Amino acid sequence: MKKNSKIYIAGHKGLVGSALLRELHKSGYENLVFKTHKELDLTRQEQVEEWFENERPDYVFLAAAKVGGILANNTYPAEFIYSNMIIETNIIHTSYLFNVKKLLFLGSSCIYPRLCPQPMKEEYLLSGSLEPTNEAYAIAKIAGIIMCRSYNRQYDCRFISVMPTNLYGPGDNFDLNTSHVLPALIRKFHEAKINGMKEVEIWGTGTPKREFLHVDDLAGACIFLMNGYDESEIINIGTGQDLSINELAGMVAEVVGFKGGLRFNSSRPDGTPVKRLNVSKLNALGWKANIPLKQGIQETYKWYAENVANRTLP
Ligand SMILES: NC(=O)c1ccc[n+]([C@@H]2O[C@H](COP(=O)([O-])OP(=O)(O)OC[C@H]3O[C@@H](n4cnc5c(N)ncnc54)[C@H](OP(=O)(O)O)[C@@H]3O)[C@@H](O)[C@H]2O)c1
C-alpha cells in the first residue's frame, strides 16, 4: 500500500475496524474511506456496488461481520450464517468487479475443528467436525476463505485471509448477552466491585484454555500482511500462548480490583476445550505480538471505565 492509496475499511466502527483505522492513521495512510452500518448496509448488494462504483478503493479490509460470543452464536445461528455469508459475498465479489488491488478477509481461530490438534496449524482447517455452538458462523467464515482462494485462482485476484485468535481491547463489546469472555469478565468484576458483591458467577467450568491478542497488535499484523503476504493460504495471527478461563478471571479480577470469590456455573457451555494458534508462519515472516496480556487488560479496563461504565447497557 502506498501512503496515498485509497483504503476502504468495512466495519470501521467495530473492534477490529476501529483499531485498523487507528493503526493506518498512525502509520501515515491518509486516504481512508468508510461508511457506518446505517449509511451503508453491506447485506444489500446494490448499495455495495454503488459504493464501490463511487469510491473505487485500491485496498479493502473486510472487518464488517456479525460477531458474538458463545451465547449469541448458539442462540442466533440463522442471523450469523445469513449476515456473514451475504456481507462477505457482496464485498468480495464487488472487489473483484471493481479491480481492487488487494483485499484482506478476517477468518477466526474459532472456525478450526472442535478437537483440533494443538497448537492449531493453518493446514488443520477443514480437517474435522466443527464446534456445534458456532457451526453456522464457522461455515460462513470458511465460505469467505474459499471464496477468496477461488477468486485468486480463477480471476487472478489478490485476496488474502487471516485467522486471528480471540481479540480484546478498546472499543470491545461489553453487553453481557453478546460479548466475548474477556470484556464480559471486565464488566462483571467492575459491577461486582461497585455493588460490593461477594461473589461473581463465571460461565462454564473455568477449565477451557484460550489465547488472547490485543486488537492493536492484530491491526498491526493485518497492515503488515496487506503489505507483504500474497498467498491464498490462510495465516494465523496470535501470541501462541494460552491460559485457562480460571487464570484469566483471576487476572481480570486483579486488574479491576475485585476482591471477592469466583463461582463457576458448569450448566453454561464451555465451548471448544483448548484453542491455541501455531503462529510460526507469521513469526517467520518477521511479525510478533508485543502487548502483554495484563497491560492490555489494564488499558481495556480503563477504556471501559471511561467510555462504557457510565452508560446504561441493556
Ligand atoms: N472479536 C474477536 O475476538 C475476533 C476474533 C477473530 C476474528 N474476528 C473477526 O474480525 C472481524 C471483525 O470483528 P469485530 O470483533 O471487530 O466485530 P464488531 O466489533 O462487531 O464489528 C463489526 C462491524 O461490522 C458492522 N456491520 C455488521 N453488519 C453490517 C452490515 N450489514 N452493514 C454494515 N456494517 C455492518 C458492525 O456495525 P454495527 O455494530 O452498527 O452493526 C460493526 O461496526 C470479523 O470478521 C470477525 O470474525 C474477531
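No lab work stands behind these numbers, since they all come straight from the coordinates. Since the structure is predicted, the reported quantities are computational estimates derived from the model, not experimental observations. Note that we place each Cβ from the backbone using ideal geometry, even for glycine, and neighbour counts take in every protein chain shown.
Roughly how tilted is helix 181-194, in degrees to the nearest 10 and between 0 and 90, from the longest Cα axis of the chain?
40
With a cut-off of 8 Å between alpha carbons and a minimum separation of six or more residues, what is the relative contact order of region 173-270 in percent?
48
For a protection proxy built on the mean count of beta-carbon atoms within 10 angstrom, sort 240-248, 136-144 highest first, please.
The most tightly packed comes first, giving 136-144, 240-248.
Counting helices only, and only those DSSP H runs with n ≥ 4, report the 222 nm mean residue ellipticity of the chain as the sum of -39,500 (n - 2.57) divided by its residues, in deg cm²/dmol to the nearest 500.
So the calculated ellipticity at 222 nm is -13500 deg cm²/dmol.
Counting Lys and Arg as +1 and Asp and Glu as -1, each charge on the Cβ, what is the dipole of the chain about the Cα centre in debye, to the nearest 20?
Details: 35 positive and 34 negative charges, 114 e Å.
In debye, rounded to 20, the chain gives about 540.
Using modelled amide H (1.01 Å from N, peptide plane; none on Pro or chain starts), what sits under 5 Å from the amide H of residue 120, excluding residues fewer than 5 places away?
Correct list: 276, 277, 278.
Within 10 Å of each residue's Cβ, count the other Cβ atoms and sort 116, 110 from fewest upward.
Fewest to most other Cβ atoms nearby, the residues stand as 116, 110.
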